[in-house]
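The next block holds one structure in the form of structure tokens; read it before the comments.
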Amino acid sequence: MSKGKRQSHRIRFVLVFVAGLSLVLFSIKAVRLVQSSVWDGAAHITIAIDNGNIDVWSIEPKEKTISHVIIPANMYLSVPPSYGEYEARAVGKLSLLERGDGTLFQAAVSETLAVPVDAYIVLHGDAGDKLKLDELFGLIGISKTNTSQWFSQRLTNLTFYDMLRLWLLSFSLKKEAIEVVYLADTDAVTRTDLPDQREILMLDRSRFATRAPSYFTDQKIVEEQLTIEVINGTEREGAANSLALLLTNIGATVINTAKGEPAEQSVIFAKERSYTASKIAKLIGAELKREAFQDSRADITV
């Protein structure tokens, strides 16, 4: 074989090798991105957006409905674990300052409303434009979904694939299927005037609990109709009742709460594999065991 042909074969081999390696690396990256997605495109998802006011979008793909709950900027949120009460307008910035991301903001919205919050979007610095999730709907939405500038201006745990799934879902939704709820206009909010003439708002969780299931019900949980018992194995008083309230607010059936023996970690006992048990395990970071709990009458024991 001539020298020129040998060189040609080497170059071809290198090109094929580089192309193959690039394809493998791209495939690995794509798989990791999909695995890091918050949302599978089919289950219920709740997204909290820091827009000064806090926009909470509760999306039910199965029913093709959305509840858009607006938390006023001057309503106080309870920020766990021990930060106390902060105005809604300040919680996003507090989250960035304390944790460098939106997880504290996410936890505060969840704690205050007693509902799971799956995803967050917080303003990055002094980003000017506010995000309206319905701007992603329809054909013009893909330009907003596919811009790196969008992600550079805000911090979010949503991936590009999550945003793409939201965009695709939008084609099956009608704008009239979006129910807008201004919390300030409901009886779940109390108003107080401060000496400096400022008005602050506080959420009455017991009153809000009567409304929450109509906004945040997870249809898959309702369809499974599994009964749940919550046992407090922590040192925190009221932990079982808090979780029971959150589960009830999304349509679950909690038949009992109780104080139990101290436990080193959260465990969920479920007689059968179910979406409900997996959802609760993900929410509280618990180990999931496929077995019944002692003599419990419930299908799922937490």
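A few notes on this one:
- Any hit, region 270-286, residues being open to solvent by less than 50 Å² (accessible area, probe 1.4 Å) and more than 22 Å from Ile45 (Cβ to Cβ): yes
- Any hit, region 233-249, residues being of a type outside the set (Asp, Glu) and farther than 20 Å from Ala107 by Cα: yes
- Out of Arg211, Arg198, sole residue that is at pLDDT below 95, closer than 17 Å to Ile54 by Cβ, out of contact with any Gly (no Cβ under 6 Å at 6 or more places or on another chain) and open to solvent by 70 Å² or more (accessible area, probe 1.4 Å): Arg211
- Qualifying residue in region 248-270 (condition: in contact with a Gly (Cβ under 9 Å, 6 or more places away or on another chain) and among the basic types (Lys, Arg)): yes
- Selection of strands (runs of 3 or more DSSP E) fully inside region 110-188 by the criterion of at least 1 residues being β-branched (Val, Ile, Thr), open to solvent by 20 Å² or more (accessible area, probe 1.4 Å) and at pLDDT 85 or above returns 154-156, 178-182.
- Counting the residues of region 72-84 that are in contact (Cβ under 8 Å) with a residue 12 or more places away in the chain and either open to solvent by 30 Å² or more (accessible area, probe 1.4 Å) or assigned to a loop (DSSP other than H, G, I, E, B) (or both) gives 7.
The values are calculated or read from the model by the stated rules, or taken from the named source; none is laboratory data. In this text the structure is predicted, and so the values were computed from the model without any measurement. Cβ sites come from the backbone with ideal geometry, for glycine too, and all protein chains shown count toward neighbours. When the accessible area is computed, the model is the full protein with side chains, heavy atoms only, and any ligands, DNA or RNA have been set aside. Shrake-Rupley method; radii C 1.70, N 1.55, O 1.52, S 1.80 Å.
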